Amino acid sequence: MLSTLPRLIGHRGAKESAPENTLASIREAARQGAQWVELDVMLSRDQRPVIIHDETLDRTTSGTGPVPLRDAADLRALDAGTWFDPKFAGEPLPTLEEAIALIVELGLGLNLEIKPYPGQEIATATVAVDTLRPLWPADRPLMFSSFEVPCLEVAQRLWPEIPRGYLIWEEPEDWAAIADRVGAASFNVNHEWQTPDTIARYRATGRPVLTYTVNDSERARILFDWGVSAIFTDAPGRMAAELSGSSV
Ligand code: G3P
Ligand code: MG
């Protein structure tokens, strides 16, 4: 499935132009020509998968407090658009099911990042996989990823055929052993800490390297030159335009 990996993946949809992790952001990424989007999934109090990045509602919605203190129906009723721009007023905080339906309709690929509230690693991964599985078309590109190794282990056990990206923030000493153990298909790493050597090291394990979050086309060119396969970007359309003419 990673053979269809595009060079540019819309980060949280198209975060530069629309409120992140919303249906509007997914639509905007598709409008800009993105082939894949990356979204973050977390659990509500009633164990439903919802699309949000932060552990709390304060930054990106009209609500306050931790995400897992509210049921999905309550979360769905929040305004996840106004904080970004009043023209997005009323944009809901989507459920994973709603996001999947739109992604399938738009013909996009998906990197679903499993983003558990601390302590909810197993449940979040289990619900994310169980929700996606019956809804996802067999021929559509899909990748799971997580910073949390237990989440990758759940995905590996429940749906081993779907590739898993091992997200790394601070690299643990045993990163290569962890990648082997979870059967990681790729390393998804912070671009700021990469050098030609780090990229070479990851690639020497036989896995492609994806880097987040790159919104500067000069930096993207350098990373691609170093052997990075794909970047997560908040601006898939702008980056594609700025990179056109190069070999990207
Ligand atoms: O999956 C790439 C990127 O989304 C990881 O970091 O914090 O933006 O979810 P974050
Ligand atoms: Mg993410």
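The values are calculated or read from the model by the stated rules, or taken from the named source; none is laboratory data. None of these values were measured; they are calculated from a predicted model. A quick note on method: Cβ atoms are made from the backbone with ideal geometry, for glycine too, and the neighbour counts reach across all protein chains shown.
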Exercise. Looking at (1) in contact with a Gly (Cβ under 7 Å, 6 or more places away or on another chain); (2) within 15 Å of ligand 1 (Cβ to nearest atom); (3) not β-branched (Val, Ile, Thr), which is the only condition Gln156 fails?
Worked result: (2)
For this session: Among the residues of the range 16-36, count how many are of a type in the set (A, V, I, L, M, F, W, C) and in contact with a Lys or Arg (Cβ under 8 Å, 6 or more places away or on another chain).
Result: 1
Exercise. Quick check: anything in the range 155-175 within 21 Å of Ile26 (Cα to Cα), more than 16 Å from ligand 2 (Cβ to nearest atom), modelled with pLDDT of 95 or more and touching a strand residue (DSSP E or B) at 6+ places or on another chain (Cβ under 9 Å)?
Worked result: no
Problem set entry | Scan of the range 59-99 for residues that are touching a Phe, Trp or Tyr at 6+ places or on another chain (Cβ under 9 Å) and either hydrophobic (A, V, I, L, M, F, W, C) or under 23 Å from Glu16 (Cα atoms) (or both), ordered by number | Arg59, Thr60, Thr61, Ser62, Val67, Asp79, Ala80, Gly81, Thr82, Glu91
Problem set entry | Given (1) surrounded by 12 or more Cβ atoms within 10 Å (Cβ to Cβ); (2) more than 16 Å from ligand 1 (Cβ to nearest atom), number of the condition Met143 does not satisfy | (2)
Exercise. Which of the residues spanning the range 218-241 are touching a helix residue (DSSP H, G or I) at 6+ places or on another chain (Cβ under 8 Å), in a helix (DSSP H, G or I) and more than 15 Å from Gly10 (Cβ to Cβ)?
Worked result: Arg219, Arg221, Leu223
Seminar exercise, completed: In the range 1-19, anything crowded, with 24+ Cβ neighbours inside 10 Å and farther than 23 Å from Phe224 by Cα is listed as Ala18, Pro19
Exercise. How about the range 1-105: which strands (runs of 3 or more DSSP E) wholly inside it have at least 3 residues that are out of contact with any Leu (no Cβ under 7 Å at 6 or more places or on another chain) and under 15 Å from Asp234 (Cβ atoms)?
Worked result: 8-11
For this session: Within the range 192-199, identify whether any single residue is surrounded by 15 or more Cβ atoms within 10 Å (Cβ to Cβ) and within 15 Å of ligand 1 (Cβ to nearest atom), and answer yes or no.
Result: yes
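Among the residues of the range 181-189, is there at least one that is surrounded by 16 or more Cβ atoms within 10 Å (Cβ to Cβ), of a type in the set (Ser, Thr, Tyr) and in contact with a Leu (Cβ under 6 Å, 6 or more places away or on another chain)?
yes
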Problem set entry | Residue selected from the range 193-217 under the condition part of a loop (DSSP other than H, G, I, E, B) and more than 20 Å from the chain's Cα centre (by Cα), by the criterion nearest to Ile178 (Cα to Cα) | Thr205
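Taking the stated definitions as given, is Ile51 at pLDDT 95 or above, surrounded by 22 or more Cβ atoms within 10 Å (Cβ to Cβ), β-branched (Val, Ile, Thr) and in contact with a Pro (Cβ under 6 Å, 6 or more places away or on another chain)?
Yes, satisfied.
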Exercise. Quick one: would you say Thr213 is surrounded by 14 or more Cβ atoms within 10 Å (Cβ to Cβ) and either at pLDDT 95 or above or within 16 Å of ligand 1 (Cβ to nearest atom) (or both)?
Worked result: yes
For this session: Please list, ordered by first then second residue, the pairs with beta carbon atoms under 7 Å, 6 or more apart or interchain, first in the range 101-121 and under 11 Å from Arg140 (Cα atoms), second in a helix (DSSP H, G or I).
Result: Ile103/Ile26; Leu108/Ala30; Gly109/Thr4; Leu110/Ile103
